[in-house]
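Participant: Handing you this structure, nothing more for now.
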Amino acid sequence: MRYVDEFRDPELIRRASDEIRRLAATGRHYRIMEVCGGHTHAIYRFGLKDILPDNIELIHGPGCPVCVLPMGRIDDGLAVAKSADVVFAAFGDMMRVPGTHGSPFEHKARGADVRIVYSPADALQLARKNPAKHVMFFAIGFETTAPSTALTLMRAKAEDITNFSVFCNHVTIIPAIRAILDSPDMRLDGFIGPGHVSTVIGCRPYEWIAKAEGKPVVTSGFEPLDLLQSIVMLLRQLQAGEARVENQYKRVVPWEGNRAALRAMAEVFQLRPYFEWRGLGFISQSALKIRDEYAEWDSEKKFPIPGTRVTDPKAAQCGEVLKGVLKPAQCKLFGKECTPEHPIGALMVSTEGSCAAYYNYEHRKAAALVTSISSVA
Amino acid sequence: MCLAIPGKIVELAEHLPGEAVLGTVEVAGVRRKVDLGLLKDDMPRTGDWVLIHVGFAMTKISELDALEQMQLLTMLGETEQAMQEVRGYGLEDGVDVKEMRTKTN
Amino acid sequence: MIGKAAVESAAPVVRFRDPQIEMAHGAGGKASRRLVEGLFAPLLYKSANQALGDAAHVNIDGSSLAITTDSFVVKPLQFPGGSIGELAVNGTMNDLAVSGAKGRALVVTFILEEGLPTSVLEREIRAMADALRRAGVAVVGGDTKVVERGKADGMYITTTGIGMLMPQVKIDARSVRVGDKIILSGPIGDHGITILLARGELDLEASLSSDTRCVLPLIEAMVEESGPGIRWMRDPTRGGVATSLNELARDCGLGIVLSEEEIPMRDEVRGACELLGLDPLHIANEGQFLAAVAPEYADAALNALNRTEGGEDAVVIGEVRAEPACAVLVTTRYGGSRIMDMLVGDPLPRIC
């Protein structure tokens, strides 16, 4: 097996979508949220909305770590980079995210040493190779990525690499889901649960959603067949009036999670009492900070951090779109002041943010069709 | 957060100071060294498939589970066909479909 | 008439608002287009509506010539499958070829960095000489400058090429019609991924090499069999197939629908793109071209390519439709589809 092509088999996709149509033919309207930005991206990339019946509505959740990062944190990270010897190292996803005074790439154009890394280990390697410079790894991501940052910090400590630190913006997924369910405007039938976060935290952390909130959760893979099969499983539960956590992504997600990864996280990180999420406000116990034992490698302890707070323009309705209350196109700024080329809000900045995904994949399709129709009329 | 892809371990490699274990993983003919530190409780062997995210192996991929899933997916259409046959006989729900099919074949 | 004169003498409007130049402006995508259309065109071009093609056609006393220029700033200078010198020759020859011209002479400019080892320079000159020989063209002049250490990544090369238009073919995006087929000459992504891996920053290994080559022989073969049906061609360099086809869609006002499974690419390109979160349709190619061909000539065009050495992998990847107008749609085997946009800047590896 190669674990990719098999899950894109057109014949099996056809069968799965037939089954979905059959199950969904109840006259009921289903609202299903996919929490994870990677799922949002996959849904658009594979054009899955085209093969789902109209009465299944997919609502995009807040699982996009770039989208929920407050602009002030980017400003703070870049402020540290301004110091001549500090290398700002981050994933490609961060490079075009606008801060108040420009994105990391714009800072690079003005002379800052900004580098793309594919892995926190690459950032540590940069530090090893450049002893005269300090490398600051601007860490983002949910629990999928946090263990890798943790291991990297453990290595930095073991090797006593002193010209390396981490500016930690890791956040946790469960509080975000809680914020969605606590929102009074929310009405959801079920969840497509995070796929890769679950390889670390397992499936147990979602049980309260099924038990206390009565919504089924199916943790899903990222190939078209994975997503379609997850929707089949959700529909079957909904029809049977059940609410359980099921694991569609069994080949990869262990029910109990990855103990070694959780241990590494516990060794290096602790929960912040609260953290600001762009669009969602302050959420308690929702983000990680570096423990005192690793203070030497904590950018926030080594460097003066301005602690900038930037509020989004009132007109930007990122919070409501993040919570799935509004569709991207319903935000007043969507497609006009706020586009992928000049993003105002967080969800337009990352390619997996709902607004950017919608804009790139659907909006242009719809706009182009409208133009064609109106030019024929 | 989410881009993680399957790759096959083609070589288990070096031990860095601090007990890091690296492996070389191959994805469609492209090779990259990945850190196996998160799998220390159940180290993979050469030939195993792992899920890779930001240069770290997150979990081993279970071929058995993958095959089982493929089987379930293949049966999606078939189950419905079989159910229709069963309804055609005027029998109640809850009949063992597999049993019925082997009897009628 | 008074109104027209007033318009023509009005000051050109600079619409480029970016405060400074960034890498994205050189990546061949939206930012590049903004710079050219917003700053260069209003001030430098005579006509505001001048189409921005690969090469310009000029008429000098009745002779139809094509002229083009391109600069090469690749890092590293040498990589599997080629080097900067080869790119410099092939790139300009290809720009001429896809505009329907046979390149006849090149002039070349070198900007050399102080401290560049002569052995490296000589290697590049030899590589250029080989490429010139294979392409059947000569360098007829040039210029050399040396800049201080640190200012040129070793060397930068600019080549300007001039050629005669092939009479059997007339390239014009505005002549593209609904029903035209989109032909791609071969597998995509080899060059861009090779360069990315050769930079050594990503710790990936693959047995890939750049696809740099002069595509003139393939285009000549295609023109001979189906010249009158060839409406448009382009070489998808920076920005990849997605950018080139988006430019066509914009220029002709129609839609282009591609069939994802028809697009050829090597496994290693697919694997590297998956690992890094890149889209192969955005990756640069240096030895491929796209052609929009009238349907009644498409088979002949494709056969001509498949029969010619180097064209065996040429394939129809899509067609021109009325909708979605000015956009490129990619369809999957199972009925899904997505709009394929141009790049904003360089393709970025992503983790999300």
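Participant: Taking loop as defined by DSSP and a crowding limit of 13 other beta carbons within 10 Å, which trypsin sites (Lys or Arg not before Pro) in segment A:268-323 fit?
Facilitator: Here the sparse-neighbourhood loop sites are A:Arg309, A:Lys314.
Participant: Defining a contact as two alpha carbons under 8 Å apart and six or more residues distant in sequence, what relative contact order in percent does chain C show?
Facilitator: The value is 21 percent.
Participant: Return a whole-number percent for the relative contact order of chain A, with Cα pairs under 8 Å and 6 or more residues apart as the contact set.
Facilitator: The normalised contact order for chain A reaches 21 percent.
Participant: Let me see the pair-distance distribution of segment A:26-160: every alpha carbon pair, 10 Å bin width, integer percents in order.
Facilitator: 11, 33, 28, 16, 9, 3, 0
Participant: Starting from the Kirkwood Rh over alpha-carbon pairs, what translational D in µm² s⁻¹ does segment A:189-251 have by Stokes-Einstein at 25 °C and 0.890 mPa s?
Facilitator: 217
Participant: Here's a follow-up. When DSSP assigns beta bridges and you keep just the ones with both residues in segment A:164-319, what percent turn out antiparallel, to the nearest 5?
Facilitator: Roughly 55 percent of the beta bridges in segment A:164-319 run antiparallel, per DSSP.
Participant: How big is D, in µm² s⁻¹, for segment A:1-102 by Stokes-Einstein at 37 °C and 0.692 mPa s if Rh is the Kirkwood radius over C-alpha pairs?
Facilitator: Details: Rh = 17.2 Å.
Approximately 191 µm²/s, per Stokes-Einstein.
Participant: Points 7 angstrom from Cα along the Cβ direction at B:Asp41 and C:Ser71: gap in nanometres?
Facilitator: A separation of 5.6 nm, rounded to one decimal place.
Participant: So what's the projected area for segment C:296-343, the Cα convex hull averaged over all directions, in nm²? Don't skip to the end; give the middle numbers.
Facilitator: Numbers: hull surface 20.4 nm².
With every direction weighted equally, the projected area is 5.1 nm².
Participant: Moving on to the next point. Quick one: go through segment C:256-300 and flag any residue whose amide nitrogen is under 17 Å from the point 7 Å out along the Cα-to-Cβ line of C:Glu312.
Facilitator: Only C:264-267 fall inside the zone, counting backbone N under 17 Å.
Participant: Three principal axis extents, largest first, for the C-alpha atoms of the protein assembly as shown, in Å?
Facilitator: So the extents along the principal axes, rounded to whole Å, are 86, 72, 62.
Participant: Which distance in nm do the two modelled labels at A:Arg204 and B:Glu26 give, with both placed 7 Å along the Cα-to-Cβ direction?
Facilitator: With each label placed 7 Å out from Cα toward Cβ, I get 3.9 nm.
Participant: Quote to one decimal, in nm, the extra length available between C:Phe40 and C:Arg17 on full extension: 0.36 nm per residue of separation minus the C-alpha distance between them.
Facilitator: Once the chain is fully extended between C:Phe40 and C:Arg17, it gains 7.0 nm.
Participant: Please give the residues of segment C:128-155, grouped as numeric ranges, whose backbone N is less than 20 Å from a label point set 7 Å along the Cα-to-Cβ vector of C:Thr118.
Facilitator: Inside the label zone: C:128-129, C:143-149, C:154-155.
Participant: Right, next: Rounded, prolate or oblate, given the Cα gyration tensor of segment C:173-339, with a/c below 1.5 counting as rounded?
Facilitator: It comes out oblate by the Cα gyration axes.
Participant: Based on the Kirkwood radius over alpha-carbon pairs, what value in µm²/s does the Stokes-Einstein equation return for the translational diffusion coefficient of segment C:36-143 at 10 °C and 1.306 mPa s?
Facilitator: Estimated via Stokes-Einstein, D reaches 101 µm²/s.
Participant: Over all directions, the average projected area of the alpha-carbon convex hull for segment C:242-342 comes to how many nm²?
Facilitator: Its Cα hull, projected and averaged over all orientations, spans 7.2 nm².
Participant: Over every pair of different alpha-carbon atoms in chain A, take the mean of 1/r and invert it; report that Kirkwood radius in Å.
Facilitator: Across chain A, the inverse of the average 1/r is 21.7 Å.
Participant: Could you tell me whether chain C comes out rounded, prolate or oblate from its Cα gyration tensor? Rule is a ≥ b ≥ c as square roots of the eigenvalues, rounded for a/c under 1.5, then prolate if a/b exceeds b/c, otherwise oblate.
Facilitator: Taking the square roots of the gyration eigenvalues as a ≥ b ≥ c, chain C is rounded.
Participant: Could I ask something else about it? Hey, how much of the P(r) for segment C:187-277 falls beyond 22 Å, as a percent of Cα pairs?
Facilitator: Roughly 42 percent, once rounded to a whole number.
Participant: After finding the eigenvalues of the alpha carbon gyration tensor for segment B:5-61, what semi-axes result from the square roots of 5 times each, listed largest first in whole Å?
Facilitator: Listed largest to smallest, the semi-axes of segment B:5-61 are 16, 12, 10 Å.
Participant: Separate question: Taking the Cα centroid of segment A:150-191 and of segment C:178-233, what is the distance between the two, rounded to the nearest whole Å?
Facilitator: That distance is 42 Å.
Read the figures in this text as sums done on the coordinates, not as results from a lab. Here the structure is a predicted model, which means the values were calculated and not measured. Every residue, glycine among them, receives a Cβ derived from its backbone with ideal geometry; neighbour counts consider all protein chains shown.
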